[in-house]
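The values are calculated or read from the model by the stated rules, or taken from the named source; none is laboratory data. This one's a predicted model, so the numbers in the text were calculated from it and none came from an experiment. Please note: Cβ atoms are built from the backbone with ideal geometry, for glycine as well, and neighbour counts cover all protein chains shown.
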Amino acid sequence: MTQHQCATVRARPHERPRRQLPRKLLVWGCALFSVCAVLALGGRFLPYFLASRGYVAPPDPCRAVSGEIVRQAFDGGDVRGTPHAHGTTERECRWSAADPDPAHGGWLTAAAEVSLGDRELPDVDNAERSVRAGERAPGAITTAVLGRDAVISRSGNEVRLVTAQANLVVQVDFDDTDDDPLSDEEVRTALRLVAEEVLEAAGQPR
């Protein structure tokens, strides 16, 4: 290398070192990113963590209620049950006397419905409102079914019981047109027994 070339090399300006971000700034940036990610995921999944325990499908009353319990409402006579389904959130069973004699008429219906709100999550408040609405019926009385609040009301020959467990609403209706109808206490007992078996078939809310 000639003297001129050496001079040229020595005259070359020094390259500036690359500036590095301060360590604290990097730490805070990572922390901020983590917080934003958690908030974004929380906004999506938090409702599922905070949701009340409940049911996604109701039990089948026709299978839940024993024939012995149903026959009590018909004074021991033979009965036949017909199932009905309203979508996936409501199931119903309607029993009537097998005897075609009009003197032994009447029908018994048990309906089980799950109340679902936004994102198909259990809506416990709406289920409780169904019970409270029954309290406003004329002559309504309060009782209990498996420790749950229940309301019994009468309109003519028809007697109705409404109760709820979590987001499951159970409604039992009985229309006694028999020539020798059951007493009020016998009807209320029959309705409570039907509601108990439906709730037991539902099991504990998840």
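Check whether at least one residue in the range 192-203 is modelled with pLDDT under 90 and either crowded, with 17+ Cβ neighbours inside 10 Å or farther than 16 Å from Cys93 by Cα (or both), and report yes or no.
No, the range 192-203 has no match at all.
Checked across the range 165-175, the condition of being in the same structural domain as Ala190 (by TED's automatic domain parsing) and either part of a helix (DSSP H, G or I) or basic (Lys, Arg) (or both) holds for no residue.
Applying the criterion of being over 10 Å from Val131 (Cβ atoms) and among the small types (Gly, Ala, Ser) to the residues of the range 145-170, the residue that is surrounded by the most Cβ atoms within 10 Å (Cβ to Cβ) is Ala166.
Any idea how many residues of the range 110-125 are in contact with a Leu (Cβ under 9 Å, 6 or more places away or on another chain) and not aliphatic (A, V, I, L, M)? The number of residues fulfilling the criteria is 4.
Can you tell me which of Gly76, Gly139 is outside any strand (DSSP E or B) and closer than 18 Å to Asp179 by Cα?
After applying the criteria, what remains is Gly76.
Of all residues in the range 48-62, those that are at pLDDT 95 or above and not in a loop (DSSP other than H, G, I, E, B) total 2.
Every test in (1) closer than 28 Å to Gly54 by Cα; (2) in contact (Cβ under 8 Å) with a residue 24 or more places away in the chain; (3) surrounded by 14 or more Cβ atoms within 10 Å (Cβ to Cβ) is passed by Arg94 save one, and that test is (2).
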